[in-house]
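What follows is a short report on a single structure.
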Amino acid sequence: MLRLVFLHLLFVFIPVLMSFSQSLTKKVKKDRPNIIFILSDDHTNKAIGAYGNPLAKTPNIDRIAEEGALFTNFFVTNSICGPSRAALLTGKYSHVNGFISNDKQFDINQFVFSRTLTEAGYQTAWIGKWHLETLPHDAFNYWKVLPNQGHYFNPDFITQNNDTVAYKGYVTDIITDLSTDWITNRDQDKPFLLMIGEKATHREWLPALEDLGSYDDVDFPIPSSFYDTYENRRAAAHQDMSIAETMQLRFDLKVNVDYETDFLYSRLDQEQRAAYKAYYGDRISKEFNERQLTGKALAEWKFQRYMRDYFATANALDRNIGKIFKFLEDNGLAENTIVIYGSDQGFYLGEHGWFDKRFIYEESLRTPFLIRYPSVITGGTVIEQSMLNIDWAPTLLDIAEVKIPAEIQGKSFATLLKNKILRWRDKIYYHYYEYPEPHRVMPHFGIRTPKYKLVRFYSNENFWELYNLVDDPQELNNIYEEFKDSKLVKSLKQDLKACIVKYKDDLAEEIIKN
């Protein structure tokens, strides 16, 4: 009799226990953090308040640092837009994921970390700039992306149905609206990964209407290296990315533009075109024409206009991050959602007289990275260890409690988010390919340590550069010839070869044999 009673109780309670277990499992999965990764374009850390720029109006980006962690030594593996995104998606160097330059086509069928998150129960989306010469296809549950570089005003988006849909408004605002709509309409029972690809602050630096002239009362300090003459630095002398010579008055700085016929402004509606004409045509162009500038005066005027447009374009970027924070708070998502801000690479704001990126030099090698992770990261944390953008994918998988595939070349820094003192990489490896167009930056690879940077340039010319980053942080003095036979250079070359072998860079390995 007791046995019958016992069996009866088992039949009654086993389904209850199973249901409770399934409910508990579902709750655990649901409690895994949501992740929002905001990836801007060409936004250098030197244009962010939290990184020490008192002129930058970036209160919402700064908030991520105040409530989370700021990384001071975050670097890219190839300082160019598409390859940086490919490194993020795959956790691998360009020569391994195949997307070495913007004229290639990304193989979307290879390993992409978002697929692994989808398999682990995350709902995934990419909205905004993609720029990989292919479409996301099944790499994300949902996507809506800008064709190629996209437009700042009234942009088109490509949908999962391969339809092209035009939206009215400013691109940064539209990307935010599409992102919050997706969060609202997603599967509420799953944690989510949302990648927000921003167009700002990419060239041609077209600010939102409300931001026109927002920095006109600011005189930006001219960098001490602005008039660099590139002695003993052949690649720097060979480039075509100077503010004085390369930057175009009409295309870049909106001087003497016919807003009715110029293709760049063909997407602006009547109100937008009138605002741009009133500001750039009736005001800025008039001032320029009256002053008749030449020489250094012209170069410095171009620098100030570039800076004012660049920083004004970033205003909408920061404002929309504030909108995302408010949306999360209003919808009860703020405490269980990680918010990350980063850029695809650094950018020159007049250092060496330049704009753009590409070089292994500090301004383009270094990128901003900030992360807010409630209950895990103590606000105001500063992390100084050297990170790479191939570390993003394994870190996001680690945070989501997903096994990191062995094929990933990056390394998870999730443990460091708790401000743990750990041994970390003491050197980083870099390889840039795109040559000769645009900007004539010679292909090169090299390593950076806390004190030294050793670089090998190749292609039509082959030569080495060496910098002491402690004594020469602006990288103005190439000391390779002085030290080429030293123990220092021999040791650095051994370290470089070790990185080349570790990361399986066959092209670089062949070059250093010669």
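The values are calculated or read from the model by the stated rules, or taken from the named source; none is laboratory data. Note that this is a predicted model, so its numbers are computed, not measured. Backbone-built Cβ (ideal geometry, glycine too); neighbour counts: all protein chains shown.
Structure above, values below:
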{"item": "Filtered residues of the stretch 367-386 (kept if over 23 Å from L328 (Cα atoms) and surrounded by fewer than 24 Cβ atoms within 10 Å (Cβ to Cβ))", "result": "V382, I383, E384, Q385, S386"}
{"item": "Answer residue from the stretch 219-243, given it is in contact with a Lys or Arg (Cβ under 7 Å, 6 or more places away or on another chain) and part of a loop (DSSP other than H, G, I, E, B) and is surrounded by the fewest Cβ atoms within 10 Å (Cβ to Cβ) among those", "result": "D240"}
{"item": "Residues located in the stretch 503-514, provided they are free of Cβ contacts under 8 Å to residues at least 40 places away in the same chain and within 29 Å of the chain's Cα centre (by Cα)", "result": "E509"}
{"item": "G197 in contact with a Phe, Trp or Tyr (Cβ under 8 Å, 6 or more places away or on another chain), closer than 26 Å to W354 by Cβ and buried (at least 22 other Cβ atoms within 10 Å of the Cβ)", "result": "yes"}
{"item": "Condition met for L317 (under 30 Å from H439 (Cβ atoms) and either surrounded by fewer than 19 Cβ atoms within 10 Å (Cβ to Cβ) or touching a Lys or Arg at 6+ places or on another chain (Cβ under 7 Å) (or both))", "result": "no"}
{"item": "Sole exception among (1) modelled with pLDDT of 95 or more; (2) not assigned by TED's automatic domain parsing to the domain that holds T124 for R203, by number", "result": "(2)"}
{"item": "Flag if E434 is in contact with a Pro (Cβ under 9 Å, 6 or more places away or on another chain) and in a loop (DSSP other than H, G, I, E, B)", "result": "yes"}
{"item": "Failed item, numbered, when V441 is tested on (1) surrounded by fewer than 12 Cβ atoms within 10 Å (Cβ to Cβ); (2) outside any helix (DSSP H, G or I); (3) of a type outside the set (F, W, Y)", "result": "(1)"}
